[in-house]
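The values are calculated or read from the model by the stated rules, or taken from the named source; none is laboratory data. Not measured: the values here are computed from a predicted model. Because the Cβ atoms are built from the backbone with ideal geometry, glycine has one as well, and the counts that use them run over all protein chains shown. Just the protein is used for accessible areas: all its heavy atoms, side chains included, with ligands, DNA and RNA removed. Shrake-Rupley method; radii C 1.70, N 1.55, O 1.52, S 1.80 Å.
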Number of protein chains: 2
Amino acid sequence: MAFENYVEVLSRSELFRDFDRDEVASMLKCLEPKIKEYGKGNYLAVAGEEFQGIGIVLEGEAAAYKENIAGTRVIMVLLKPGDVFGEIVAFSSQSQWPVTVEAQQPCKALFISREKIVGECRHLCPWHRKLIENMLMMVSERALTLSRKVEYLSIKSIRGKISTYLLEQYKKTGKTTFMLPMNRNELADFLNVSRPSLSREMCSMRDEGIIDFHRASVRIKDLQALKRMAQ
Amino acid sequence: MAFENYVEVLSRSELFRDFDRDEVASMLKCLEPKIKEYGKGNYLAVAGEEFQGIGIVLEGEAAAYKENIAGTRVIMVLLKPGDVFGEIVAFSSQSQWPVTVEAQQPCKALFISREKIVGECRHLCPWHRKLIENMLMMVSERALTLSRKVEYLSIKSIRGKISTYLLEQYKKTGKTTFMLPMNRNELADFLNVSRPSLSREMCSMRDEGIIDFHRASVRIKDLQALKRMAQ
DNA sequence: GCGTGTCGGTATCTGGTGTTACAAAAAAGT
DNA sequence: ACTTTTTTGTAACACCAGATACCGACACGC
């Protein structure tokens, strides 16, 4: 199969971080990936079905979503060329896909079997070690993101969530005045609260003189009070 | 140092899964771990400080906890001999401990540097590959657990949480009558709700004829209704 | 038997949060 | 400059869930 066309995309993928295009090309011979094509609405993976390997989107766009028992879909992540999916389940004891991945547009994806990544390579490729390092990095990074999400979700009050979030921004920028990277709707979504409730609470914090804001620009006026509100 | 004394404990650790005692003993020579001793109340790791390596508890007991900005401690996990900590941060881009680990009792722990696990081994040990496989498994398993936790936390209503939980138990056992693996307090904790609220909701679901229960024994009476309640 | 402790169910009360709907402001398109 | 769309603030209301306190059932030790 013509892997050559996709070396460019793959070399920009997290899985092949720190590999140049030539290296990726050589590795593909070793990893023996399978390329599959999907029409819009087709499934790249179906939750509950047998897991066959780590996927990388080459062309088009796909959406990974969970379907709860009532049948409601919750989109977990939008996958674009270079994005990897199934990296977590690949090395766990679970052998079924935890999510369904559906092509949003006509789509091509490449699958690498679990064994080919960890398993011993008969060509004794020197880059195998780095590939596994990348794999470990990706899964660890993913776990850290999830753990951060759990922290936010565990906070009961909206005030606590807002305060924690603003303090994190403060720590990140080092300044008491900064721009929020998302609008109210997205922030409400991220904090798992309703948009009007978020607005209401932010405004009452402003009325109390703890913060000040206009649109995406926020200024922390009373850092101590904010710290007290964080749970 | 006298690693020999701890080969037994280590061989039961997840990191050395599928290794027998002799293999573990040989590997230790290669991994060059450092053993440290701690008195009760001492810190095995401090959140925010430089991460130095993956830890394994050898003796005693330690607690890993997060400290939020207000200073409140939230215990994440209790670590006993054989338990591993720091495995997630080890291979992410983060270089500081995300949690504080404190000795609950006089404690011994072993630390293995990140490089020694992934890095190339000059003795070319054949088991290095399996060690990395175990590492990947542990991190992946951890990520899956977190993702399951996120799912539960994302459900807004108590009813939704209970229904989802019971349906998971039903799927696991395949029977409509089963035993809950925890008491009300623990279940409330797991679902991140208060114990009386959990009781109240379970009882009203019983009154509506959806489920029936006595202590830890639960019977699903109306599966369809339960599925409808799951969000 | 009796006290003691644990666990689970129940009642009351209150406060925080979602829902809905609408208005004002800003941004974007024409 | 005008309309249209998006974004954000505001208000009223209902209601779910937490806090607290108390009671009954049961297990255990003496």
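Observations
- Other-copy label distances relative to residue A:212, 7 angstrom Cα-Cβ extension, nm: 6.5
- Accessible solvent surface per residue of the protein assembly as shown, calculated while the other protein chains remain in place, 1.4 angstrom probe, Å²: 51
- Mean per-residue shielding of peptide A:86-94 is 5, counting Cβ atoms of other chains within 10 Å of each Cβ.
- Extension gain, residue A:61 to residue A:29: 0.36 nm times the residue separation minus the Cα-Cα distance gives 9.0 nm.
- Degrees separating the helix A:158-173 axis from the principal Cα axis of chain A, which is the longest one: 70
- Note on residue A:185/residue B:5: beta-carbon distance plugged into 1/(1 + (r/R0)^6) with R0 of 51 Å gives a FRET efficiency of 0.30.
- Per-pair calculated FRET efficiency, R0 = 30 Å: residue A:199 and residue A:95 via Cβ, rounded to 0.05: 0.10
- Mean partner shielding of peptide A:151-160, defined as the number of other chain Cβ atoms within 10 Å of each residue Cβ, is 2.
- Residue A:199 label point (Cα plus 7 Å toward Cβ) to equivalent points in the other copies: 4.0 nm, shortest first.
- Those lysines that a straight Cα-Cα span of less than 28 Å connects to residue A:175, excepting residues fewer than 8 apart in one chain: A:149, A:156, A:161, A:221, A:227, B:66
- The mean count of C-beta atoms from other chains within 10 Å of the C-beta of residues in B:129-140, rounded to a whole number, is 6.
- Carbon-plus-sulfur accessible fraction, the protein assembly as shown (probe radius 1.4 Å, protein heavy atoms only): 48%.
- Taking the helices alone, chain A has a mean residue ellipticity at 222 nm of -12000 deg cm²/dmol, built from -39,500 (n - 2.57) per DSSP H run of at least 4 residues and averaged over all its residues.
- Excluding ligands, DNA and RNA and using a 1.4 Å probe, chains A and B jointly bury around 3800 Å² of accessible surface, summed across both partners.
- Nearest-first distances (nm) between copies at residue A:185, label 7 Å from Cα via Cβ: 4.6
- Value of Rg/Rh across region A:155-229 [Cα atoms, Kirkwood radius]: 0.91
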